[in-house]
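The values are calculated or read from the model by the stated rules, or taken from the named source; none is laboratory data. These numbers come from a predicted model, not from an experiment. No Cβ is skipped: glycine too gets one built from the backbone with ideal geometry, and neighbour counts run over all protein chains shown.
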Amino acid sequence: MMKTIELSSELIKLHKYDGGSDKRATVDLIKTYLEKNNLHVELITSNGIVSVIGSTKGRKENSKKIILNGHYDTVPPSSSWTVDPFKGNIKGGYIWGLGVVDMTCNLAAMINTSITLSKEKLPGEVVVVAVGDEEKGGHNGTKATLEKGVAGDYAVIGEPTGMKLAVGHKSIIEVELVATGKSAHSAFPVAGKNAIHMMAKVLNDLVEEYKPKFDKYEELFDQITLTTGTIRGGTAVNVVADKCTAELNFRLPPKMDKDKFLNALQKQCGEVKVNTLLADNGWICDEKSDYVHTASQLLERITGSKTQLMHKLGGNDARFYSAAGIPTINVGAGNMKLLHAPDERVSLTELKQVEQYYCELSKKLLA
């Protein structure tokens, strides 16, 4: 436990966000830490993003494997922090700092789990995967490691769940809408065709159709939701705009056919063109599987609370393992309300529990 707190504190001090100065230093810290503890280490690079792979047996071909996956990258700190986000203070039974919830502490627990289990004669292998691209989509992180053959029989994602067991998240669809009109002098708008007005009508119809019908978290999992992220158009206030673009983010229930959705969306938008920017399937793990049953019983014993299966509205790297046919669950310390929020902090009690959980689950599955 103390080693995990110390490693977390060291990682907190580094500026690991996109555009920060310490991404390479973070890779070097994790790599050196694993090597000093006699794990087999390899680096996988994709478009400048480096993932660190630590394995207890060197990823032997015939070895049963469990993947412990976490990301070291964070979002930048906001101006609303009341404590130094890069200090790693211990106060009031919590460890504080940028990214501790999402998900430095859980990654540190995974790293130390792999080190602990490397000293035991397990018939199977623990593979810890530390990636640096999750906050930007994960395609150059977890997905790239899978493409290089870093796979397993089971996977655990360390995103925060408040020590609940997550078994799914929604699909992610990002599109660019493009409205093309005709410019004219604003004094005679009928001579032109206003692309902004075209876009406004389409957006209004979409927002009305996909506005949340529920306000409860789990009920939203079964509903399509929409967020308009950006909108740009026009060249001057006295010119009829001949072009307008908008970027939209849809979240779909994971069993919904995303291609059918996109085809229907283009019909809904009429003459406004739909360009697909991202279309990643969601993730779902069979709630009746032996894996979920084992994971649930163990979590209940360690936390002392009846295990609650949950689904997540936001995406994470579980979708890449799910697409590869690897059964995947998500358990992590940390309050999800503190995700990307000021004054992130993780309970030391939860941190101790989650490290014990990763260790015991790995031993059970690899026995």
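Taking each residue of segment 73-102 that is touching a residue at least 60 places away in the same chain (Cβ under 8 Å) and looking for partners that are assigned to a loop (DSSP other than H, G, I, E, B) and of a type in the set (Lys, Arg) with beta-carbon atoms closer than 7 Å, six or more apart or interchain, yields 73/16; 74/16; 86/13; 88/13; 97/87; 99/16.
Answer with yes or no whether residue 24 is of a type in the set (Lys, Arg), on the phi > 0 side of the Ramachandran plot and in contact (Cβ under 8 Å) with a residue 24 or more places away in the chain.
Details: of a type in the set (Lys, Arg): yes; on the phi > 0 side of the Ramachandran plot: no; in contact (Cβ under 8 Å) with a residue 24 or more places away in the chain: yes.
Against the criterion (of a type in the set (Lys, Arg), on the phi > 0 side of the Ramachandran plot and in contact (Cβ under 8 Å) with a residue 24 or more places away in the chain), residue 24 does not qualify.
Candidates 107, 98, 146: the one that is among the aliphatic types (A, V, I, L, M) and farther than 18 Å from residue 335 by Cα is 146. Within the option set 245, 228, being surrounded by 15 or more Cβ atoms within 10 Å (Cβ to Cβ) and either of a type in the set (Val, Ile, Thr) or at pLDDT below 95 (or both) holds for one residue only, 245.
For residue 226, are the conditions met, namely being over 28 Å from residue 337 (Cβ atoms), out of contact with any Gly (no Cβ under 8 Å at 6 or more places or on another chain) and outside any loop (DSSP other than H, G, I, E, B)? Steps first, please.
Values: over 28 Å from residue 337 (Cβ atoms): no; out of contact with any Gly (no Cβ under 8 Å at 6 or more places or on another chain): yes; outside any loop (DSSP other than H, G, I, E, B): yes.
No: the conditions fail for residue 226.
Test residue 151 against the criterion of being under 25 Å from residue 278 (Cα atoms), in the same structural domain as residue 269 (by TED's automatic domain parsing), touching a Lys or Arg at 6+ places or on another chain (Cβ under 8 Å) and touching a residue at least 24 places away in the same chain (Cβ under 8 Å), and give yes or no. Spelling it out, it is not the case that residue 151 is under 25 Å from residue 278 (Cα atoms), in the same structural domain as residue 269 (by TED's automatic domain parsing), touching a Lys or Arg at 6+ places or on another chain (Cβ under 8 Å) and touching a residue at least 24 places away in the same chain (Cβ under 8 Å). Of the candidates 130, 108, the single residue that is modelled with pLDDT of 95 or more and closer than 15 Å to residue 346 by Cβ is 108. The condition of being part of a helix (DSSP H, G or I), surrounded by 24 or more Cβ atoms within 10 Å (Cβ to Cβ) and touching a residue at least 24 places away in the same chain (Cβ under 8 Å) holds for only one of 115, 111, that being 111.
Take the residues of segment 161-197 that are out of contact with any strand residue (DSSP E or B) (no Cβ under 8 Å at 6 or more places or on another chain) and assigned to a loop (DSSP other than H, G, I, E, B): which is nearest to residue 244 (Cα to Cα)?
Going residue by residue through segment 161-197, those that are out of contact with any strand residue (DSSP E or B) (no Cβ under 8 Å at 6 or more places or on another chain) are 162-163, 187-190, 194, 197.
Filter once more, so that each one left must be assigned to a loop (DSSP other than H, G, I, E, B): 162-163, 187-188, 194.
Numbers: 162: 42, 163: 44, 187: 20, 188: 19, 194: 9 Å.
Restricting to residues being out of contact with any strand residue (DSSP E or B) (no Cβ under 8 Å at 6 or more places or on another chain) and assigned to a loop (DSSP other than H, G, I, E, B), the top hit is 194.
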